[in-house]
Amino acid sequence: MNNRGFTVVEMLLAILLFSLFFASLFSLALGFYRLWEEESQGFEERQQGRLVLEVISRDLRQARFDSLKFSNGSEGEGFYRVEFRPNHDSSIRYAYYTRGDMALKGVRREGSAFFTGMSLALGINSLLFFPRAEGVEIKVETGTGVDSPLEMGTLVIPRL
């Protein structure tokens, strides 16, 4: 019976095998972490898009249809800005538009030359408005998504 212990070659081989095992384990954990990060970002982008659609839709439902004014675009391609007066207060004008990757809501009181801008959401690639016979179609494109930008939209019917 030989009680000399392990040889240097056996020790190096054991260290190599343990290193490979832990490197593959680390690589697997890193892959899961990156996937979780991408999915979290996609979820956040969807939430931002839904928020923008909900806020704009709520205000547009209260708009006077005859006060809708579209600018910075065309019928087929869509407009980048919409302004309107709400039914409840004709001394106010609302405007929705984007600047950079931010969706903004502007409010202007009668007699004021400028809109006061409020940030609605970040990560908005585009915000388009399409006038339709029955209302206003809104399309929002958010972030980068996992594979491509995420587009969502809705049709809003303002009050007459």
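Points to keep in mind about this one:
- Contacts under 8 angstrom Cβ, first residue in the stretch 83-94 being free of Cβ contacts under 8 Å to residues at least 24 places away in the same chain and surrounded by fewer than 11 Cβ atoms within 10 Å (Cβ to Cβ), partner among the hydroxyl-bearing types (S, T, Y) and assigned to a loop (DSSP other than H, G, I, E, B), 6 or more apart: none
For (1) among the hydrophobic types (A, V, I, L, M, F, W, C); (2) within 30 Å of K139 (Cβ to Cβ); (3) in contact with a Lys or Arg (Cβ under 7 Å, 6 or more places away or on another chain), each residue gets a yes or a no:
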| residue | (1), (2), (3) |
| --- | --- |
| F6 | yes, no, no |
| L12 | yes, no, no |
| L35 | yes, yes, no |
| Q41 | no, yes, no |
| L68 | yes, yes, no |
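- Residue within the stretch 35-49 that is of a type outside the set (A, V, I, L, M) and not in a helix (DSSP H, G or I) present: no
- Residues in the stretch 133-140 include at least one that is exposed (fewer than 11 other Cβ atoms within 10 Å of the Cβ), at pLDDT below 90 and among the aliphatic types (A, V, I, L, M).
- Restricting G31, G5, G42, G49 to residues that are over 35 Å from the mean Cα position of the chain (by Cα) and either among the small types (G, A, S) or surrounded by 11 or more Cβ atoms within 10 Å (Cβ to Cβ) (or both) narrows the list to G5.
- For the stretch 70-84, the count of residues that are in contact with a Ser or Thr (Cβ under 9 Å, 6 or more places away or on another chain) and of a type in the set (D, E, K, R) is nonzero.
- Annotation note: of A103, A95, the sole residue that is hydrophobic (A, V, I, L, M, F, W, C) and out of contact with any Gly (no Cβ under 8 Å at 6 or more places or on another chain) is A103.
- Once the stretch 102-127 is narrowed to residues that are modelled with pLDDT under 85 and at negative phi, the residue that is surrounded by the most Cβ atoms within 10 Å (Cβ to Cβ) is F115.
The values are calculated or read from the model by the stated rules, or taken from the named source; none is laboratory data. Just so it is clear, the model here is predicted, and its values are computed rather than measured. A quick note on method: Cβ atoms are made from the backbone with ideal geometry, for glycine too, and the neighbour counts reach across all protein chains shown.
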